Structure formats: structure tokens, C-alpha cells
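Below is one structure, written out as C-alpha cells, with a few remarks after it.
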Amino acid sequence: MGFERFDALRGLTFDVPEGSAFAMIGANGAGKTTTIKVLMNILEPSRGSATVLGVDSRTISPRELAQIGYVSENQDMPTRLTVGEYVDYLRPFYPTWDRQLEGSIARQLRLPLERKIGDLSHGMRLKMALLCALPYRPKLLILDEPFSGLDPLVRDEFMEGLLEQAGEMTILISSHELGEIDGVATHVAFLDEGRLLFQESMNELTGRFREVQVTLEIEAVRPAQIPKDWMQVRAIGNVLTFVDARFEENGLGEAVRSRISGVRGIDSKPMALRSIFTTLARASRDNGTRWKEGQ
Amino acid sequence: MTIWHIFKKDLRLLWPFVIAVAILWWIEVVILFRLGLFGENPVLANLSLALLPFTAVFATMFLVVAIAHLDAVPGVRQDWLVRPIPRGKLLLEKLLFALVLVVGPIFAANIFQGVANGFAVREVLDAATEGAVIFACLFILPFFALGSVTENMTGAFIFGSACAAVGTAILSSANDMNDFAHGTIVTAANSGISWIPVTLELTLVAVGASLVLWLQYFHRRTTAGRFVIAGFGVVILAVQLLPWKPAFAIERYFSAQPNAAAAVEFAFDARLGKFKSPSGVARSLKNFQPNRGDQPADVFLPLRTSGIPGDSIVISDRVDFYVLSEGRPLYHGAGESAQIDRTGTNSPEKPAYQEIELPMSFYAGAKERSVTVRADYSLTLFGLAKSYSLPALNGSERMPGLGWCQTQTNEAETAVELHCMQLSRAPICATLFLENASTGVQNPPRSICSSNYGLSRPPLPDVIARYAANIPFRDATGLAKYPVDGSQLAESRVVIRLYEPVDHFNRTVTIPEIRLGDWEAD
């Protein structure tokens, strides 16, 4: 799946590896939902192109849609039908629909099949959307802000339902809450104001970011020359702290000592995902420039 | 299979609405049936004439829009957009749903109404099918297109109201312009040739709505779809304003018997004298138009007619008159339409008075001057097509081509009331008179000719046209005496002669050197 230049989504290019759980992260208004709607051909890009399951999104047909599951926090379903009636309605459109799987998901999510969709709570509706997206074992599952407004219990039920059926499917999930994708996503992309800040696998991302604390013999000052990978450099008393965006266990000491004299000790700590994103977002806003792996 | 599947879903969601609309139409039809020809129950008559049709039309409109909104095309949140539902099949299903469950009950109600009123099943089927097609094209399709470019009922209401407001403003401006131009910007609408704009409108509505549906269901171009609706709306309004002359030229081309009116001539004849109103009131109230701030003067020009074939009626569809002085036009206006009939071939040809209406401000300055008046006529010749009769008292006859008619005397016992119903359309031109079947004595015929003899019919799905006329036999004031009076009704018959248009033609009458003041009505 490829995605290229759009006016609303400026300079956005990313690929979702097959079989991955790809998380699109960004604040509200970052362009996540727009991106997904373009991929689903709900919105048409004015320029550029998007490819889904090998097909240009603008020519996506029922054949491709039968292989895509879609769950969104803003999904309008016929409110006067019951959950069961709507599932009955959808079933014939999917040649690969598995009724056993449907039953098992419905039980697992504890969905009241006889209740009208309009009477469902927000969480129940999201679970219902999941029930309508999984039984045909889609190749691609797109989740647009699926956890928005869910209480932790429902979120866990939702995730259990999802992960149990995930199998080989590719998952594209958008969220503005980092905690929601922790432990789920294998890859991550960060969007800000329609731009892609970076795209990386979670392992690489968490592996290369470290919060570094340098203790000096004298009062610390910001070095004149700061490597571009050092972010949020601060001097407090005789301690200099920064975030190393390209951490290497063996190279850190040498890199620090070559720029700072009087180093008494260097301490590096792994960073939580939230801290990494906060750092990147601040750097992006402060510099007004793209920050991307390799740049 | 897919279509049927979606159909079932839509039915599950809309069945109460579908049933409610069908019930409304059926109540209307049952009331009409109960009312019969004379409809003497005022409560039921009011219900069937105003409240029920109005409610049923609005309910149908909302239902059609709701069908589209079940799987709304605009917007980005609809679940169906991410489902493998072929859009062509979805469109077909919606149209099928509207045809089967909206038009279907109306079609069935019409068949019931026609058959229950004694019309032949085959004729009822033909008329109901024609009505259903027109209703589907002129009503269902455009409102479905409106539904397809809106996401919900509020949006449809706002967009529809905006379109209606713009349309009303355009038509109102056109009317104002026409008033300003003394009625000379006459269009083909609401006239004998209105079938031309109606046919054009029908085509444009069908084409425009189909284009919108194609844009929406196959490309989801809502903005383009809305512009198409607006654009076609303006064009359809423009068709309403189709100029008379080219439309009448088309009408002439389609004359049933071209040149049948070749011998018909009109000429000014001062010897016929001034017009004398039978009632003694020259200026009728209809001519008083206070909003113009200029009360008009009526001038009646005597015309001698010749060459009108026997058993024919000539109707002036439109009269353009010019008051000229030394070749220069002083005034251009529209004359009143007139009707001249000739019964049999031996009866003398009647004179006619052309009424022209002039603003008092112009007339005051021009009435003593010697001017030239030129009148350009667009005319239609009607020929006798069929003749029918039925007893004048409590008659009830079913007559092919005329429908089912009944007679009774009115409460004041001054006239025979003739009430008829016919499938699809009422006759467009008829003369009616009382004839004593024993003596052959006849009362003067009364002509009832609609100026609109085209193909037009209202898009409302009532398959039966009802029409009525009063045929007088006694003057309550005692001024007029009728050869066939109330004492002869038992042995008299109402004679109905139907006329059909056979030729359309133009004539110009030029009257040099007259003083308008000489021809003002007394």
C-alpha cells in the first residue's frame, strides 16, 4: 500500500508492510482520518495517488472492499435496524463470511444482537463495527480512532476481539492516543498537520531513542555545536540533558566527550513511547521542519 | 439477488412510511369514488380536493427523498461506502423500490378507481400506466435526484427550498417584466401550445435527474450534482419562458390538417357598429389592476369573419396588437383571446369584436388621434370530432371518448348540471346545448374550450379527469328566454359536441386611419 503527495496531506508518503500492524499517530486534525478516507475512496485526492491491495484507491471496487475491514468511531449505520438484522444484511455481500467466526466474535464482544443500533452505546457501536469487519477475514483491517471514548474495560474487550482474529491480516490503525497502540502496533507513522514526520518499526524507534543525562564537573552550558540527533538539550546546574534520537551504546560516550569537556558521568535511559512522540512533536513545531529518519 | 437483498433492508426500515403514504393515496381514491360524479358531501369533497392530495404529495416527496437517504451518497460517514455494494445495483434498487412501493400503490389505486367507476380494464390499465410513467419521470426521478445530493432531510429541505425560492424569484421577475411590457412577453406556457414546453421540461427533468444520479452513484460528485440540479432548474424555467413565435411555428408544423383554415379571414368592418355588452357593463372587474396605478380602457374593434368551415370553432391563442402613427409604433400590447364558432355549414358567420386593453394614460392622449392598429393573430381551428347526447334529467351514460356523464338540475332550477369523468384527460373543446328530442328545438350552444389543448396533464397521479358544466334553461332575472325551458326537460337531451384542433395558423389584420375613441365600449 503506497501513499503519495496530496494537497491536504502535504508530502505524505508511506507504505504499510503486509502483515504489519501499522499505527498512524497524530493529534486531532493531523490528517489521519483524511488519509484513511482517501485510502477507502470515501474522499478523492485532488492530486497524487493511494494504492490499496494493489489497486488505485479511486478505482477500488466491491472486490477489494470485500477484503477490507473498516472500523471507525464515526461510522453511520442504520440506527433502526437491530445488530442482528444489520449483520444479516451485510453477510451476503462477503463471499468469505464465516458464520461461526461471526458467532464467536459476537459472543466474545458480548453484543446484544436483538438491540437496535440506535440504542447502542458508543463502545457497543464500535464493537459492533468490529463484528461487521472481522467475520470475512479481511486482508486489510482499517481502524480509524477505534478507541476514542472507550472505557478501559471495553477497550480491552475490543482489543482481545481484534487480536484473536488478527492472524495474517494487515492492520492500519489511527489514533491520537499513544497508549492505545502500545503493544499492538509493529510499525508507526507520525502525522502532524498533514505531514508525515516519520515512519518506522516500533522496535527500531524505541531502540534508537534514549534520554541522556550528562553530569559535569562544572556548571553545564549548551554546547555551541549540537548534533541534529540531540533534541531538547537542557542545562541545569552541572547536569546537561538531551534526547538522543540515534542512540548507539558504544558511540554515545565518545560523541558526548568530543563536544563537552569535564564529563563526570553519562547515564542513558530508554524512553516511553509517549516521551518519544512528545519530543518529536516539539522538535517539529520548534524547528518548523520535517523530522524524519535519516534527515 | 443483491438488489432484492438491499430492497428487503430498505423495506424493513421504511415500511411504516410506505404504508402511510399508500394509505393516504388510497383514502383519496376511496373518497373520490364515494363522492361519485356530483360529490355532494362537502366535507369529503374538501378533503379530496385540498387536504388529502396536498398531504399525500408532500408525504410522497419525503418518502422518495428518504429512500435515497437510507444509503446517502454525500458525506463520509456512511457505512455502505466501505461495503462491497455495487453502486449501480444500489441505484437500481432505489429506483425499483420507489417504483414498486411508491408508484405501485398509486397505480393500484388508480386501477381500482377506474374499474370501480366502470371503465374498461384495458383502458384503465393504459391510463394508469401513462399516469405512472409521467409521475415517475416528473416527480419520483427529480425528488430522488434531490435526495441523492443531500445527506439528510434537513439538507434536502434547505437545498430544495433554496432552489424553489430562486425559481419563484425568476418566474416572478419574468411576470413583472411581462406586466411592464403590457403582456407582450407572452410565452408558450399555459397556452394551447404548452405541450411544447411541457415536453421539453419532461425531457429536461428526466435527463437532468438521470445525469445527477449518474454523477452521484457512479462518481460521488455531490457539488457537480447540485450544480446540475441548479443548472437544469434554470433551463427548465427558461423553457417556461419559451417565446411564443417559435413554439407556435412548431405547433403549425404538427397541424392535424394543415391548410384546413386556409380560407379563414378576418377584416375590420365599421358597419358592424360598436360593441354592446350584453350585461351593460363594458369593463369587467378582471381588468381593474390597481397595482399598475393605471386603470385600463377597453376598446372593441369589430371584425367580419369569413371562410370558417362549418361545425368549427376558431380560437385566437394569442393576439399581438400595435398602435401605429405614421408607421411608428406608439404602443404594443396583448389583445384578449376570442372564440368564434360556427354550427353547421349553412349558419351565417358571426362577427367578432377584438378587445384590446390600453393604459388610460396612453388612451387619453391617443383616443382622438388617427392611428393605425395592426393585430397579429395566432389561431387554432377546431373541427367537430364527435357528438353525444344524454337525457337532460337524471341522465347517466357511458360514452366512448367522452367518459361517464350524469345530469341533474341545479338547486335553483335554472340549469342542467352536467358532470362527467373520463380517463386521463378531459375533452379540450366542447359545445353544449339542450335539445328537445321531440321537436328538435335547441337552446343556444355554450362553448367550453380550454386554451390549453396540448399534451400537458398535471403530474399528480389521479388517473381520472373530472369536469362539469352548467347548461342554462331559465334566466332567474327573466331577461332571457330559452327555447327549451324547464317544462321541456323531461323530453330533452343534453347534446355534447367535442371538437379537436385541426389547424394552426396566423393572420394579420391592419386597420388604417381609425380613432380609438370611436370604439370604446359604451
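Rule-based calculations on the coordinates, nothing more; no lab input. From a predicted model like this one, the values you see are computed outputs, not experimental measurements. Cβ placement follows ideal geometry from the backbone for every residue including glycine, while neighbour counts extend to all protein chains displayed.
If I take R0 = 25 Å and measure r between the Cβ atoms of residue B:338 and residue B:364 in this structure, what FRET efficiency does the formula 1/(1 + (r/R0)^6) give, to the nearest 0.05?
Numbers: r = 26 Å, r/R0 = 1.03.
The pair residue B:338/residue B:364 has a calculated efficiency of 0.45.
Shielding value for B:81-92 is 5, the average number of Cβ atoms from other chains within 10 Å of each residue's Cβ.
Of all beta bridges DSSP finds with both residues in chain A, what is the antiparallel percent, to the nearest 5? Mind dumping the intermediate values first?
Details: 31 of 50 bridges.
DSSP beta bridges in chain A are roughly 60 percent antiparallel.
With a/c under 1.5 counting as rounded, go ahead and sort region A:210-270 into rounded, prolate or oblate using the C-alpha gyration tensor (a ≥ b ≥ c being the square roots of the eigenvalues; past the cut-off, prolate if a/b is larger than b/c, else oblate). Write out the running numbers ahead of the final one.
Working: a/c = 1.44, a/b = 1.35, b/c = 1.07.
Rounded shape, in that the Cα axes give a/c under 1.5.
Helix B:121-135 axis versus longest C-alpha principal axis of chain B: approximately 80°, rounded to the nearest ten. Across region B:301-315, coupling constants 3J(HN,Hα) worked out from phi with the 6.51/-1.76/1.60 Karplus curve, θ = phi - 60°, read 9, x, 10, 8, 10, 8, x, 6, x, x, 6, 9, 10, 10, 10 Hz, and Gly and Pro carry x. Projected label points at residue B:399 and residue B:206, each 7 Å from Cα along the beta carbon direction, are separated by 3.4 nanometres. Helix B:87-98 axis versus longest C-alpha principal axis of chain B: approximately 50°, rounded to the nearest ten. Computed extension gain for residue B:125 through residue B:219, at 0.36 nm per residue and net of the alpha carbon distance, reaches 30.1 nm. The Cys residues in the protein assembly as shown with no partner Cys Cβ within less than 4.7 Å of their Cβ are A:132, B:137, B:163. Note on A:76-86: average number of Cβ atoms from other chains within 10 Å of each residue's Cβ is 3. With contacts taken as Cα pairs under 8 Å and at least 6 residues apart, chain B reaches a relative contact order of 16 percent.
Classify region B:151-254 from the C-alpha gyration tensor, please: rounded if a/c falls under 1.5, else prolate or oblate depending on whether a/b exceeds b/c. Cα axes put region B:151-254 in the oblate bin. For chain B, the longest principal axis of the Cα atoms and the long axis of helix B:2-35 meet at an angle of about 30 degrees. In a DSSP loop and with at most 14 other Cβ atoms within 10 Å, the chymotrypsin sites (Phe, Trp or Tyr not before Pro) in region B:213-269 are B:254.
How high is the relative contact order of chain A, in percent, with contacts defined as C-alpha pairs under 8 Å that are six or more residues apart?
Values: 516 pairs, mean separation 60.2, N = 295.
Averaging sequence separation for qualifying contacts and normalising by length gives 20 percent for chain A.
Please work out the FRET efficiency for the pair residue B:245 and residue B:173, using the Cβ-Cβ distance as r and a Förster radius of 30 Å; give the result to the nearest 0.05.
Values: r = 22 Å, r/R0 = 0.72.
So the FRET efficiency works out to roughly 0.90.
Can you find, among A:183, A:49, A:118, the residue farthest towards the positive end of the dipole of chain A? Put +1 on the C-beta of Lys and Arg, -1 on that of Asp and Glu. My answer, from the dipole projection, is A:49.
Here the relative contact order of region B:282-417, from alpha carbon pairs under 8 Å that lie six or more residues apart, stands at 25 percent.
Please identify every one of the trypsin sites (Lys or Arg not before Pro) in region A:196-249 that sits in a loop by DSSP and has no more than 13 other beta carbons within 10 Å of its own beta carbon. The partial results should precede the final answer.
Numbers: sites: A:208, A:210, A:228, A:234, A:246; in loops: A:228, A:246.
Passing sites in region A:196-249 are A:228.
Of all lysines in the structure, the ones whose alpha carbon falls short of 21 Å from that of residue B:276, not counting any fewer than 8 places away in one chain, are B:286, B:350, B:367, B:481. Distance from the Cα centroid of region B:1-59 to that of region B:86-165 is 12 Å (rounded to whole angstrom). A straight Cα-to-Cα reach below 24 Å connects residue B:89 with the lysines A:37, B:8, B:9, residues fewer than 8 places away in its own chain not being considered.
Between the C-alpha center of region B:296-314 and that of region A:188-203 there is a gap of 88 Å. Scanning residues 5 or more positions from residue A:172 or on other chains, those with amide H under 5 Å from its amide H are A:22, A:141, A:142, A:143, with H placed 1.01 Å from N in the peptide plane. Could you state the number of Å between the C-alpha centres of region B:333-406 and region B:484-522? Value for the Cα centre distance between the two parts: 4 Å. Only DSSP H runs of four or more residues enter the estimate; each adds -39500 (n - 2.57), and after division by the residues of chain A the mean residue ellipticity at 222 nm equals -8500 deg cm²/dmol. Applying both filters, DSSP loop and at most 10 other Cβ atoms within 10 Å, to the GluC sites (Glu not before Pro) of region A:66-130 gives A:114.
Tell me whether chain B comes out rounded, prolate or oblate; compute the Cα gyration tensor, take square roots of the eigenvalues as a ≥ b ≥ c, and use a/c under 1.5 as the rounded threshold.
oblate
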